[in-house]
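Below is one structure, written out as structure tokens; comments come after it.
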Amino acid sequence: MIDILINVTLLAFLATTAVAMARMTNLFAIIMLFGIFSLLSAGLFVVMDAADVAFTEAAVGAGISTVLMLATLALTKDHQEKRPLGHRPWLPLGVVTITGAALVYGTMDISSFGDPLAPPQTHVAPYYIEQSMADTGVPNMVTAVLASYRGFDTLGEVAVVFTAGVAVLILLGGRRKKQRLEIEEGGNRDA
Amino acid sequence: MKVISFGVLLFALWALLSGYFSPLLLSLGAISVALTLYLANRMNVIDHESYPLHLYSKFPLFFAYIMREIVIANIDVVKEILKIGSKGISPQVIKLPLPQQTDLGRAIYANSITLTPGTVTVELDKNFVTVHALTKEGADELLSGEMSVMIPDQLADK
Amino acid sequence: MYIAVTIAILVTMGLALARALMGPTVYDRIAAVNMFGTKTVLLIAVFALFSGRTDLLDIALVYALINFIGVIAVLRLVEHGDFHSNPESRAKQDKQGSE
Amino acid sequence: MIDVLSWVLLGVGGLLGVIGGIGIHRFPDFYTRLHAAGTTDTLCAILILLGLGFQAGLSLDAFKLFLIFVFLFFTSPTASHALANAAMHGGLKPQLGRENGSGKA
Amino acid sequence: MEFVLGHYNYWVVIFLMMVGFYIVISRGNLIKKIVGLNIFQVSVFILYISMSTVENGTTPILKEGFEVYSNPLPHVLILTAIVVGVATTALALALVVRIKEAYGTIEEDEIHQQDHSL
Amino acid sequence: MHNLILRVVSKVLIPLIILFGLYVQFHGEFGPGGGFQAGVIFSAAIILYALVFGLEPAEKIIPKSILHLLASFGLVLYAGVGFVTIMLGGNYLEYGLLGSDQVSGQLIGILLIELGVGITVASVMLIFFFSFAGRGRP
């Protein structure tokens, strides 16, 4: 009862925030709302029993993501989004509506929320839930699957994070060249 | 000395957070505390300001006092919010003298002002604190200087 | 009773969210975000005790912490416009440094 | 007995939260709203965490609740103050009442 | 009614996804596009976690007194996806910063204009 | 953020955050947590320090070269555990061989690779923050 209540309310909040973000043009406010959006989804993960995911989302989404976006805003110094002149909202809106309708049609075949007999619940999950303690001696099944059963996968993910770090260093690590930038900016005005 | 007592404090915190007392986790705890101490030292954040152990005797009394103040002041703010067809609140900006000797005392005073509903510290400098008050009564009470006396403030005897 | 408290917190969250969406100033939004965060911490704490999964309290703790850091980061950007200038710099201009 | 006390604390805390939420919509300008948001928040959090603490009993969970409380107790007024300070420096003027005691030091 | 209760979750997720998608395809500001991508990403996370939930289940951490646990596998996938997601977001933001430095703007159509005028 | 209150409060909070991050790191096996979360929380502590006390002092705590080294060290630690298990005659990342029996080996293996994950994630997050914040410095 209480979980359904929280669930529905948080989902409604999420939808409201998302629509507000789509409509706003002040980038600063959008980024702040994105912080709320992340925290809300973390709350939702708590209610849906995904403690570890909520943990990560709370730490990453509102903390690092927001700070990085704010830093980008500080560097680009564009606080207001410009609407393009020949803005036609109907074409994208149509595309989105059709895609959404197709996806909703797809949900007709998904088994309902929380169904213990749904296909995802009957494949490998029972093995993990029953055997992980005996196999690894770790009470937190998420850690057992993350580190032990799917260790290769996690190694790959860590490599991706590392690569992203290297790439950001290559892109932003050096000192920026002042003169060239000014020439470029002078050129913009002529264009 | 300061570092050791701080380390003991952190280790107690670890034990209470963890709730597992196996040798492996306790030794990991010791390593973690050591790493925290090392980093805190590098950051230069351990001093009498951040961990005012020398003021321990004054804190319980102060804590009780501030709790009482919070409750009393909250009732005022709630009344202000719920006043139907209110004749309008009259926010005030006032400047108070700061008798506290130490930065810690000043910070505690400023935070206590903020904690008691109806008043928010806006500006804090060496000798004065600027406060925004929701009502005239709240401002007058601060001007009487009653709270200022209660703040634990004492230069550390090094 | 848990349900009543949960509803109260959710209503407060909704009110704070409305303030965050409406503005009008940037500071209003930040204050609303801060309040929203505090309420979510309480929501998670209530849910943790209700469902008996007290390990969830760790998440509430992280939440409180990250919320604070987020607010400080936003304020820092509003005040200075960047993250690299010396935080003392403004203090000296206004002559209110606190040595 | 303890149960009743904890429910009362929880109830009052929740109510206080809602009133604070109403406050941020009824007050006229940013600074007054900050009073409603920042400060009723504190007592609301204290009451709810205390109520939950009574439910948890004397255990490690109660300690974690206490830690959350300490966190909020430190960070909440600090955030409020930093906000007010930033707003004042950003040039946002507070609306003042009829009798302003400014300059009275 | 039962059908709605069992599926409302997925529908809200699809709505969120489409909002993100709309922002990505209809707006020209690069930072806003990244925010849109992030909304899309988070909604996919919610979709996965919704599928992992089991009625009356709890967090998949063994504890006495609980018998039904939700499916840990999607949690693992999403847990790593979140961190990888922030890493890729950071990479995208770094590219935006470089684009701003090179073109002096982060509006897509202005960038296109400059490319054509060259 | 020159202000005094923020400084005093941050001084109290930062060591607590670091310790909490390490707690999350080492209790990933028992409660929610693990390397990914711990790395992010740990970096959040240093980001808070940078926000309150300035970027330059924060960069002095962990010098750039060490930070870059740590980012690769975490990944090498993870991959290295796999190679050690191969040396011991098993498959890649077969933790069971690290201890006297299957379960204790698993515990050691998981602890080590989580540590690797934590180190890499924490240093990469800090690299992100320092690169973004330090860009555009005069």
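The values are calculated or read from the model by the stated rules, or taken from the named source; none is laboratory data. All figures in this text were calculated on a predicted structure; none of them were measured in a lab. Note: ideal-geometry Cβ built from the backbone for every residue, glycine included; neighbour counts use all protein chains shown. Accessible surface is based on the protein model in full, side chains and every heavy atom, while ligands, DNA and RNA are left aside. Shrake-Rupley method; radii C 1.70, N 1.55, O 1.52, S 1.80 Å.
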Which three numbers, in whole Å and largest first, are the semi-axes of the equivalent ellipsoid of the protein assembly as shown derived from its Cα gyration tensor as √(5λ)? 38, 33, 29
Please average, across the residues of B:23-32, the number of beta carbons from any other chain that are within 10 Å of each residue's own beta carbon, and give a whole number. 3
Okay, helix-only estimate at 222 nm for chain F: each DSSP H run of n ≥ 4 adds -39500 (n - 2.57), divide by all residues, round to 500 deg cm²/dmol; what do you get? -26500 deg cm²/dmol
Skip the ligands, DNA and RNA, and give the accessible area per residue of region D:2-88 with a 1.4 Å probe, whole Å². 29
Which value, in square angstrom to the nearest 100, describes the accessible area buried between chains E and A on both sides, using a 1.4 angstrom probe? 7800
Accessible carbon and sulfur surface of region D:2-88 relative to its total accessible area, %, 1.4 Å: 78
Per residue accessible area in Å² of chain C, where ligands, DNA and RNA are left out and the probe is 1.4 Å: 27
Enumerate the residues in region E:12-55 having an amide nitrogen under 20 Å from the point lying 7 Å beyond the Cα of residue E:5 toward its Cβ. E:12-13, E:50-55
Distance between Cα centroids, region A:107-179 to region A:39-60: provide it in whole Å. 15
Counting only protein heavy atoms, what percent of the accessible surface of region C:2-98 is carbon or sulfur at a 1.4 Å probe? 61
Only Cα pairs within less than 10 Å get springs; with that Gaussian network setup on chain F, which residue of F:90, F:34, F:80 has the largest fluctuation? F:90
Provide a whole-number value for the mean count of partner chain Cβ atoms within 10 Å of the Cβ atoms in peptide C:22-30. 6
With a 10 Å cut-off between alpha carbons and a GNM built on chain F, which of F:44, F:58, F:71 moves the most? F:58
How far apart, in nanometres, would the label points at residue B:144 and residue B:4 be if each is projected 7 angstrom from Cα along the Cα-to-Cβ direction? 4.7
List the relative contact order of region C:2-98 as a percent without decimals, with contacts defined as Cα pairs under 8 Å and 6+ residues apart. 21
If amide hydrogens are placed 1.01 Å from N in the peptide plane, which non-local residues have theirs closer than 5 Å to the one on residue E:62? A:140, A:141
Scalar couplings 3J(HN,Hα) for region D:71-88 by Karplus 6.51 cos²θ - 1.76 cosθ + 1.60 (θ = phi - 60°), nearest whole Hz, x for Gly and Pro, are 4, 5, 4, 7, 7, 5, x, 5, 5, 4, 4, 4, 5, 4, 4, 5, 5, 5
More than 17 angstrom apart: percent of Cα pairs within region B:2-42: 24
Would you mind giving the total buried accessible surface between chains D and B, with a 1.4 Å probe and ligands, DNA and RNA left out, rounded to the nearest 100 Å²? 3600
What fraction, in whole percent, of alpha-carbon pairs in region B:56-157 exceed 16 Å separation? 57
Vicinal HN-Hα couplings computed from phi for region A:55-60 (Karplus, 6.51 cos²θ - 1.76 cosθ + 1.60; Hz; Gly/Pro x): 4, 5, 5, 4, 6, 7
For the pair residue B:79 and residue A:77, what calculated FRET efficiency results from E = 1/(1 + (r/R0)^6), where r is the Cβ-Cβ distance and R0 = 30 Å, to the nearest 0.05? 0.10
Using a Förster distance of 41 Å, how high is the FRET efficiency between residue A:167 and residue B:41, based on the Cβ-Cβ distance and rounded to 0.05? 0.75
Given the rule -39500 (n - 2.57) for each run of at least 4 DSSP H residues, summed and divided by the residues of chain C, what is its mean residue ellipticity at 222 nm, to the nearest 500 deg cm²/dmol? -26500 deg cm²/dmol
Longest to shortest principal axis, alpha-carbon extents of chain D, angstrom: 49, 25, 23
Spin-label model distance (nm) - residue F:76 vs residue B:61, 7 Å beyond Cα toward Cβ: 5.8
For chain A, with every protein chain kept in place, what is the accessible area per residue (1.4 Å probe, Å²)? 43
Between region F:122-138 and region E:77-97, how many Å separate their Cα centres? 15
Roughly what angle does helix F:64-87 make with the longest principal axis of chain F, taking Cα atoms, 0 to 90 degrees, to the nearest 10? 10
Above-threshold pairs, the threshold being 27 Å between Cα atoms, out of B:2/F:64; A:77/E:33; B:79/F:11; B:136/C:39: B:2/F:64; B:79/F:11; B:136/C:39
Distribution output for region F:54-101: share of Cα-Cα pairs per 5 Å bin in percent, first bin at 0, values 5, 20, 17, 13, 11, 9, 9, 8, 6, 2, 0
Chain pair D, C: how much accessible area is buried, both chains summed, with a 1.4 Å probe, in Å² to 100? 3500
Over chain C, with a single point scatterer placed on each C-alpha, what log10 of the ratio I(q)/I(0) does the Debye formula yield at q = 0.13, 0.14, 0.19, 0.20 1/Å? -0.61, -0.68, -0.95, -1.00
Between the modelled labels at residue A:127 and residue A:2 (7 Å from Cα along Cα→Cβ) the distance in nm is 3.7
If ligands, DNA and RNA are left out, what is the accessible area of residue B:146 with a 1.4 Å probe, given in Å² to the nearest 10? 90
Report residue A:153's accessible area, 1.4 Å probe, all protein chains in place, as a number in Å² to the nearest 10. 50
Here the whole-number average of other chain Cβ atoms within 10 Å per Cβ of B:3-12 is 1
Using helices alone, what [θ] at 222 nm do you get for chain E, with -39,500 (n - 2.57) per DSSP H run of 4 or more residues, divided over all residues and rounded to the nearest 500? -26500 deg cm²/dmol
Of the DSSP H helices in chain E, those whose Cα atoms cover at least 15 Å axially and whose Kyte score averages -1.0 or more: E:2-26, E:30-52, E:72-103
Over what distance in Å are the Cα centres of region D:8-24 and region C:1-39 separated? 12
For region F:4-133, treating each Cα as an identical point scatterer without solvent, what Debye log10 I(q)/I(0) comes out at q = 0.17 1/Å? -0.88
Please report, in whole Å, how far the alpha carbons of chain E spread along each principal axis, starting with the longest. 68, 34, 13
